[in-house]
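What follows is a short report on a single structure.
The values are calculated or read from the model by the stated rules, or taken from the named source; none is laboratory data. Fair warning: this is a prediction, and the values are worked out from it, not measured in the lab. Here the Cβ is made from the backbone with ideal geometry for all residues, glycine too, and neighbour counts use every protein chain on show. Remember, those area values only see protein heavy atoms, side chains included, never the ligands or the DNA or RNA. Shrake-Rupley method; radii C 1.70, N 1.55, O 1.52, S 1.80 Å.
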Amino acid sequence: MLGFGRGAALLRVSAKQAFDFGEKRRIYRDITMAAATNFEFRGAKRLEKFKGGTVWEEFTPLAHQYNAVNLGQGFPNFSGPDWVLDAAKNAIDDGKNQYARSAGHLPLVEAIGEVYSPLFGRELDSKKEILTTNGSSEGIFASVMGLVDVGDEIVMIEPFFDIYNGAIAMSNATPRYVPLRPKEGTLSTSADLILHQSDLEAAINEKTRLLVLNTPHNPTGKVFSRAELEMIAGVVSKHPHLMVLADEVYEWLTFEVPHIRFATLPGMWERTITATSAGKTFSVTGWKTGWLVGPEHLVSAAACAHAYIPFCIATPFQEGVAHALSNAKKHGYFDNFQDNYKRKRDILVEGLKKAGLKPLVPQGSFFVLADISNLEIPDGIGSSVTATNLFPNRRDWNACRYLISEIGVAAIPPSSFYCEEHQDLVPPYIRFAFCKTDEELHEACRRLLKLVQK
């Protein structure tokens, strides 16, 4: 007899039983190993084109590696106002830490309704025409999932925010791309990038379900004028089944020109769902608090998808944003916000000019494109300075690698915001973000002067 442990008198098994137990363990181990050996992983085919890394996986690590001033990623390196942050802290302390209503915490959707009703020129139904989302990114994703079927087509304007492609891929829809084209002659502002009606009309057919319209525009800083939006609305109105997803996350950041909400154009409210966010507006991108505004039939479709994505978003942050929206006017927040960013834009624009990188002065957003036509880039930098080995021969990627490694300033290559078929249309620019402290911007400009001091 075999005894095990100090309780041998209580727990005894025969030698044969012990052998059988050991044999079973060996057989189980062999079967497990065989199963592991035979396992072949295959991810979803619809996401295969995203494998191998992204522009962010390339340039964020490089910026850290070379201790560069990071003007690449579009988020502030400073926090929002204390009176906004304190509202979220107070909500946590007050015990508002459980699930919220899926379509939106009532204090927030009511605050959104109060602020946005006059902006849309109609009395919004806060419970039916507003949906809070996990940032505008999830709002975009939920809209695509709720409005588009397999085989439908979605039209995007190039260059485009790269997150759109992910939503389209996961919906199994087909993307179509319409480029902004530079006007003839010298380019000086983002208004000089033009959407041609003929290009837009050529991209739309009976399968087209959704047009994604981003204004103010990332990465160019273009703010579509009323005449341009009316042209787009005229094209849209010819197609009974075509809807518009208006990404207006930079709505409060326009300079010298007004922001016009696409849904306010005649006949466009019923077709348009508008995505925006508190992250950019109140410098709290980590709160991931966004919202959709639109007619009930569009918002309810997105809400159906949203209920199965995050279900709801963080309650204390919704409390914080509700307080921010309700008190923004009292603090003169939006005017100060716009003035501060105009100053930051002008700091960077002037610095780029002095460094020989002619800027395309943006009308909106917190991005500026700079011309790299005359930038001398060392041979081989695409293979010697890289975190991902992606696109070693793309000029804009190598310009960004050079600026990071030799100058100490990080930017982003816009070719990442074009489809493969349109790489020949990519203009000779790179994108800088000016959502940084004045000190950080001045330091970046100081470093960029090395380009003309060599």
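Name the residues in the stretch 222-261 that are under 25 Å from the mean Cα position of the chain (by Cα), assigned to a helix (DSSP H, G or I) and closer than 15 Å to Leu211 by Cα, would you? The answer is Glu228, Leu229, Ile232, Ala233, Val236.
Looking only at the stretch 94-128, how many residues end up being in a helix (DSSP H, G or I), touching a residue at least 12 places away in the same chain (Cβ under 8 Å), open to solvent by 50 Å² or more (accessible area, probe 1.4 Å) and under 25 Å from His259 (Cβ atoms)? So the count comes out to 3. Highlighted here are the strands (runs of 3 or more DSSP E) found entirely within the stretch 130-221 that include at least 2 residues which are under 29 Å from Pro427 (Cβ atoms): 153-158, 174-179, 208-214.
Among residues of the stretch 221-250 that are of a type in the set (Lys, Arg), those with a Cβ under 6 angstrom from a residue that is outside any helix (DSSP H, G or I), sequence gap 6+ or separate chain, pair up as Lys222/Leu193; Arg226/Ile260. When Ala91, Ala63 are screened for being more than 25 Å from the chain's Cα centre (by Cα), over 21 Å from Ile309 (Cβ atoms) and assigned to a helix (DSSP H, G or I), only Ala91 passes. Does Val148 meet the test of being surrounded by 19 or more Cβ atoms within 10 Å (Cβ to Cβ) and free of Cβ contacts under 8 Å to residues at least 60 places away in the same chain? No.
Are any of the residues in the stretch 271-294 farther than 30 Å from Thr315 by Cβ and either open to solvent by less than 20 Å² (accessible area, probe 1.4 Å) or in contact (Cβ under 8 Å) with a residue 24 or more places away in the chain (or both)? Looking through the stretch 271-294, at least one residue is farther than 30 Å from Thr315 by Cβ and either open to solvent by less than 20 Å² (accessible area, probe 1.4 Å) or in contact (Cβ under 8 Å) with a residue 24 or more places away in the chain (or both). For Leu71, are the conditions met, namely being open to solvent by less than 80 Å² (accessible area, probe 1.4 Å), modelled with pLDDT of 95 or more, under 25 Å from the mean Cα position of the chain (by Cα) and farther than 30 Å from Arg271 by Cα? In short, yes.
Taking the stretch 201-224 as the range and being in contact with a Pro (Cβ under 9 Å, 6 or more places away or on another chain), of a type outside the set (A, V, I, L, M, F, W, C) and at negative phi as the test, the residues that pass are Pro216, His217, Asn218, Pro219, Thr220, Lys222.
Looking only at residues in the stretch 314-327 that are open to solvent by less than 10 Å² (accessible area, probe 1.4 Å) and within 20 Å of the chain's Cα centre (by Cα), the one that is nearest to Glu248 (Cα to Cα) is Val321. Being touching a strand residue (DSSP E or B) at 6+ places or on another chain (Cβ under 8 Å) and among the aromatic types (Phe, Trp, Tyr) is the requirement here; does Phe78 meet it? No, not satisfied. In this structure, Ile168 does not qualify as in contact with a helix residue (DSSP H, G or I) (Cβ under 6 Å, 6 or more places away or on another chain) and either closer than 25 Å to Leu265 by Cβ or open to solvent by 60 Å² or more (accessible area, probe 1.4 Å) (or both).
Taking the listed residues Ala233, Ala173, Ala202, Ala263, the one that is at pLDDT 95 or above, exposed (fewer than 15 other Cβ atoms within 10 Å of the Cβ) and over 20 Å from Gln338 (Cβ atoms) is Ala202, with no other qualifying.
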